1. Give the dimensionless ratio obtained when the Cα radius of gyration of chain A is divided by 2.2 N^0.38 Å.
2. For the range B:1-97, what is the charge dipole size about the Cα centre, in debye to the nearest 20, if Lys and Arg each add +1 at the Cβ and Asp and Glu each add -1 at the Cβ?
3. Just the Kirkwood number for the range B:1-97, please: inverse of mean 1/r across all distinct Cα pairs, in Å, one decimal.
4. Roughly how many Å is it from the Cα centre of the range A:139-201 to that of the range A:59-135, as a whole number?
5. Could you check how much of the accessible area of the protein assembly as shown is carbon and sulfur, as a whole percent, using a 1.4 Å probe?
6. Which GluC sites (Glu not before Pro) in the range B:119-167 sit in a loop by DSSP (not H, G, I, E or B) and have at most 16 other Cβ atoms within 10 Å of their own Cβ?
7. Please work out the average accessible area per residue across the protein assembly as shown, using the 1.4 Å probe convention, and give it in Å².
8. Once you average over the residues of B:30-37, how many Cβ atoms of partner chains fall within 10 Å of each Cβ?
Amino acid sequence: MTTLERVRARALEAAAEPPARPWRVDLFLAWSLTIGFSLAVGLVTGVLGAWSSGPLLVHASPVLLLLLAQLTGAYGAIAPAARRAQLASLVIAGAGMAALVSSRGAGMESASPEWLCSLSHLGLVAGPCAALLLLQRRAHLTVLRTLSAGVAAGSIGALAGELVCGRGSLHVALFHLPVWIAAAAFTALLGRVLRSATYAP
Amino acid sequence: MVEPTDEELMLRFCAGDTSAFEALYTRRAAGLHAYLRHLVRDEAQAEDLLQATFLSVVRAKDRWRRGSKVSTWMFSIATNAARDVLRRDRRWAEGSEPRQRLTSEDDRRPAEGLSFEPALRDPKLAARLETALAQLPLAQREAVVLHHVLEWSFEEMAEVLGTSPGNLRVRCHRAFATLREALGEERS
């Protein structure tokens with residue numbers, strides 16, 4: 001049996017198997033995960049009265065940018081040949097970071113240690129990062145693709161921080177943004193190690 | 001009777017027609033196999049990669065976008081697979097079992113795909129050229145094989161390799177300068 005005959009036999013076997021889940025379903029799941037999780041965090045913290053003073057009105061532009069980063073990031077992570085969306089998610093994330101810092105003033109004092117914000121941020125994004133990585137395994141995992149997933153998942157924590165944390169811009173720059181960047185970088189690093197289920201772009 | 005295009009076959013396959021996939025395989029497998037053999041220079045690995053390529057085509061058929069060329073999509077998949085394997089190979093190179101590398105005999109084997117031989121009409125020179133080709137960096141090797149062996153345009157190659165046609169022209173130019181130098185040195 002020649003190489004081409006062997007591969008043909010295996011490929012035809014696979015072709016007869018039931019089709020895999022369409023990528024649009026994966027995209028829907030990714031959007032539900034990121035946007036849904038963000039809305040849930042917003043709702044729960046709102047009900048518990050944990051929002052810092054009127055965040056949605058005061059911080060509308062960073063919140064909108066973060067939601068947009070989630071939409072484009074999740075799309076770039078899952079959709080085929082989505083290089084533009086992947087690049088756009090990075091640009092939007094950068095704009096979101098700038099907005100997060102610039103929309104804060106000196107902020108309020110808080111009794112809790114500053115690193116607690118970083119820890120909460122990390123705790124919030126670990127699950128979504130892992131879930132997005134698993135969802136995107138049916139595509140070839142490039143650095144840009146996994147970075148997009150990290151941006152989308154990491155922005156969930158940034159959004160929670162924007163709603164709940166009332167501290168100033170220096171605190172945001174030192175204890176929130178680095179966690180978001182680290183989450184995106186770690187997701188990209190994991191993507192280099194993980195084997196994707198297919199090599200399709 | 002007019003042969004269906006790759007795109008028509010792919011549409012039929014996406015609708016569940018396995019015989020359309022078989023036709024696509026018959027049409028594209030040899031070219032993909034030759035491309036992969038040139039990239040990885042390892043018979044067993046080329047076979048694994050060809051299998052991975054077609055399994056990806058089957059399992060991710062919904063990721064092919066209507067209106068785009070099936071051949072460029074398939075070669076993108078093959079390129080991704082080869083890059084991934086070569087990257088992992090580099091990482092685990094130490095302590096791994098030596099693989100069954102292609103020999104110069106394999107290079108001269110009548111192609112289950114394509115080679116430089118028909119163009120050069122000199123088997124020895126073709127074999128030397130193939131050996132020199134193997135010394136090129138992967139990015140240049142991909143470009144040379146697609147453009148000079150498979151005779152793809154720079155625009156088609158740009159879609160497969162995810163870069164600009166201008167960049168690929170530069171890659172080919174540099175690769176040929178290196179090849180010319182290598183063959184010139186051997187002759188002298």
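1. Ratio of Cα Rg to 2.2 N^0.38 Å: 1.18.
2. Working: 16 positive and 15 negative charges, 93 e Å.
Computed charge dipole of the range B:1-97: roughly 440 debye.
3. 14.3
4. What the calculation gives is 7 Å, centre to centre.
5. Of all accessible area on the protein assembly as shown, carbon and sulfur atoms account for 62 percent.
6. Listed in order of number, the matching sites are B:Glu151.
7. 48
8. Mean number of neighbouring Cβ atoms from other chains: 1.
The values are calculated or read from the model by the stated rules, or taken from the named source; none is laboratory data. Just so it is clear, the model here is predicted, and its values are computed rather than measured. Note: ideal-geometry Cβ built from the backbone for every residue, glycine included; neighbour counts use all protein chains shown. For the accessible areas, the whole protein counts, side chains as well, though only heavy atoms, and no ligand, DNA or RNA atoms are used. Shrake-Rupley method; radii C 1.70, N 1.55, O 1.52, S 1.80 Å.
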